[in-house]
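Step one of this worksheet: look at the structure below.
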Amino acid sequence: MTFAHYPTARPELRSRLLPPPRSRRHQLLAQLSEAGWQLALRFGKRTTIHGLDRLLASRASRWERFVWLCTFICAFLGAVYVCLILSQRYNDGNFQTVVDSTRFPVYRIAFPVITICNRNRLNWQRLAMAKSRFMANVSDAVQLQLFERIVGSYDGMSFGEFRAFGSLRNEATQQLSHINFSLVVDFMTWTCDELLTDCMWRHYPYDCCEIFSKRRSKNGLCWAFNSLETVEGKRMQLLDHMWPWRTGSAGPTSALSVRVLMNPDKHLPGRNNDKGIDVMLTEPYVWHNRPYSVPADTHTMIEIEPTIYFFDNETRSVSSDQRQCVFDDEHNSRDFKSLMGYIYMIENCQSECHQEYLVRYCNCTMDLLFPPGQYRSCRSQDLVCLADNNDKLLYSHQPGEERFVRNNHEGMVCKCFRNCYSLNFVNDVRPSFLPPEVLGNSSYVDLDVHFRFETLMVYRTSLVFGWVDLMVSFGGIAGLFLGCSLISGMELAYFLCIEVPAFAMNGLSQRLRSRRRMDTTVDTPILNLRQNMPSQLEQYIMQLKAEQGPQKAAAQFKSWQRQTFAHKHVISK
């Protein structure tokens, strides 16, 4: 076997034989552009978006592509501009209120809760029994007199009416801090049979103590009809599936009629106030609303004209601050505020706000005026603080009101929006004084509460431009400017999210495989077998012939033959 060593070709000859080098980055960009163009052409053949099929047509000329590109860009920019206008209209959240019903029957809503309070809260004839019960082991006349004065200051107490506690400013009220005066007031307040009689509901007589229950309010302890805030009211709801009661008729004596007894001989001696009652009308689950003052010795008719305002469910997409109302189940809203255990109502929000101010100023709350909660109840030593801050607790303002209204008092600022389903009562209170021959030696109020009409108005508030209108408008704009639909969008999304990544991954995997093959390839040795010499000579001769012609190739071949065979080393056996 014979081995031969051939010297490497000269550098100037190799540079003449090899093509000019190209950078790897330039090659990669060229490959990517070619692949992207092929993908675009493939997408243009089957797209339903108007204009793209002509722009990406394989046989389109440059001039035709330029025209369709300009047309497509103008249409796309026009669609984007109009969509921005529609988005702004949607984000503005404009509302419209329309009449949803003009003949909604009143029997579809619960009759309002009627809460009756005597302006003289206490039955002063039970004072002696209260002393023996709550001051049984006390014989000090000073403490007994102080007890009497404190109890007397509760006789006209309501939220914002704490001035009577100012008379205790120089008294040693801390001596009676162990006494819960809320229990004393509860003991001395009017019982049902002392305050109410002759109850009738829809021309049918009832025992007042069966349909009225004692409840707390911001006016103190009162008696309420049709209520769900008391234990008795919740028990009535379990026993009677129609509770709270409803009525479908209107006019005098068509609903609730009751006589409220004044009992002036049992009032606090020396208290010269206007005798009468406070009547509060609220919808169920409302803690308190501003009451109406009804004078004594009158026959008073209260006509109720209910109205329903509600926001439809489409408005839930707008924030509560923007729509100026809160849904009762919108617990995550920062505008949601209510008494503990109560649903959202604007009245409950205001009551909770007032209680927070009460705690802020005096670090306690009057448990006679609010439902049980997490705050400490005021004791006898805290009553003077209530009197000192009475002016701050008497006035309430809304946020932003100071820019339009001059307020001479600090007051309370409560940010409370209306509930998105609101049952409002427009009430007409018409008292007429009874003649002395009718009253005789008694003092009372004949109260007749009824609906004015058998139907009510319902108003619905909705978005002028909701998300359904936004989607329809977007579809119309896309069809008008681009001639595409949701299916076209899905085609584009599938191309961008599925085909393009798949093509990129395929190209990357092929590049990695080719790189691995290059790394594992073994270099060719310099020593070549002799039998390979003819093939190398033939290639070399062909290249020389192509560059220099036949004559020059023969001369160079003879020169190469002399140089090669003059210095070769042959190993043979």
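The values are calculated or read from the model by the stated rules, or taken from the named source; none is laboratory data. All values derive from a computational prediction rather than experimental measurement. All Cβ positions, even for glycine, are placed from backbone atoms using ideal geometry, and neighbour counts span all protein chains on display.
In segment 364-382, the residues that are part of a loop (DSSP other than H, G, I, E, B) form Cβ pairs under 6 Å with partners that are among the polar types (S, T, N, Q) and modelled with pLDDT of 90 or more, at six or more places apart or across chains, as follows: ASP367/SER182; ASP367/SER377; LEU368/SER182; PHE370/GLN355; TYR375/THR365.
Being surrounded by 13 or more Cβ atoms within 10 Å (Cβ to Cβ), within 20 Å of SER351 (Cβ to Cβ) and in contact (Cβ under 8 Å) with a residue 12 or more places away in the chain is a description that applies to LYS218. Being part of a helix (DSSP H, G or I), in contact with a Lys or Arg (Cβ under 8 Å, 6 or more places away or on another chain) and free of Cβ contacts under 8 Å to residues at least 24 places away in the same chain, is that true of even one residue in segment 130-147? Yes - at least one qualifying residue is present in segment 130-147. In this structure, SER338 does satisfy being under 31 Å from the mean Cα position of the chain (by Cα) and within 30 Å of ALA164 (Cα to Cα). A search for C-beta distances below 7 Å between a residue of segment 75-97 that is closer than 29 Å to ILE49 by Cα and any residue that is surrounded by fewer than 13 Cβ atoms within 10 Å (Cβ to Cβ), counting only pairs 6+ apart in sequence or on different chains, returns nothing. Going through segment 439-485 one residue at a time, which ones are aliphatic (A, V, I, L, M), out of contact with any helix residue (DSSP H, G or I) (no Cβ under 7 Å at 6 or more places or on another chain) and more than 30 Å from VAL98 (Cβ to Cβ)? Correct list: LEU439, VAL445, LEU447, VAL449.
With the condition kept exactly as written, say whether any residue in segment 191-204 is within 26 Å of LEU358 (Cα to Cα) and either surrounded by 15 or more Cβ atoms within 10 Å (Cβ to Cβ) or of a type in the set (A, V, I, L, M, F, W, C) (or both).
Checking segment 191-204: not a single residue is within 26 Å of LEU358 (Cα to Cα) and either surrounded by 15 or more Cβ atoms within 10 Å (Cβ to Cβ) or of a type in the set (A, V, I, L, M, F, W, C) (or both).
For segment 159-174, the set of residues classified as within 13 Å of SER380 (Cα to Cα) and surrounded by fewer than 18 Cβ atoms within 10 Å (Cβ to Cβ) consists of GLY166, SER167, ARG169, ASN170, ALA172, GLN174, listed by residue number. Screening ASN407 with (1) of a type outside the set (Gly, Ala, Ser); (2) in contact (Cβ under 8 Å) with a residue 12 or more places away in the chain; (3) within 30 Å of ILE302 (Cα to Cα) gives one miss only, at (3). Taking segment 193-207 as the range and being under 12 Å from VAL445 (Cα atoms) and in contact with a helix residue (DSSP H, G or I) (Cβ under 7 Å, 6 or more places away or on another chain) as the test, the residues that pass are LEU196, THR197. Checking segment 253-275 against the condition returns a match, with at least one residue being of a type in the set (S, T, N, Q), at pLDDT 95 or above and within 20 Å of PHE425 (Cα to Cα).
One line per residue, one yes/no per condition, for (1) farther than 30 Å from PRO306 by Cα; (2) at pLDDT 85 or above; (3) surrounded by fewer than 18 Cβ atoms within 10 Å (Cβ to Cβ):
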site: ILE49; (1), (2), (3): yes, no, no
site: ARG54; (1), (2), (3): yes, no, yes
site: TRP63; (1), (2), (3): yes, no, yes
site: VAL67; (1), (2), (3): yes, no, yes
site: PHE72; (1), (2), (3): yes, no, no
site: ASN94; (1), (2), (3): no, no, yes
site: LEU122; (1), (2), (3): yes, yes, no
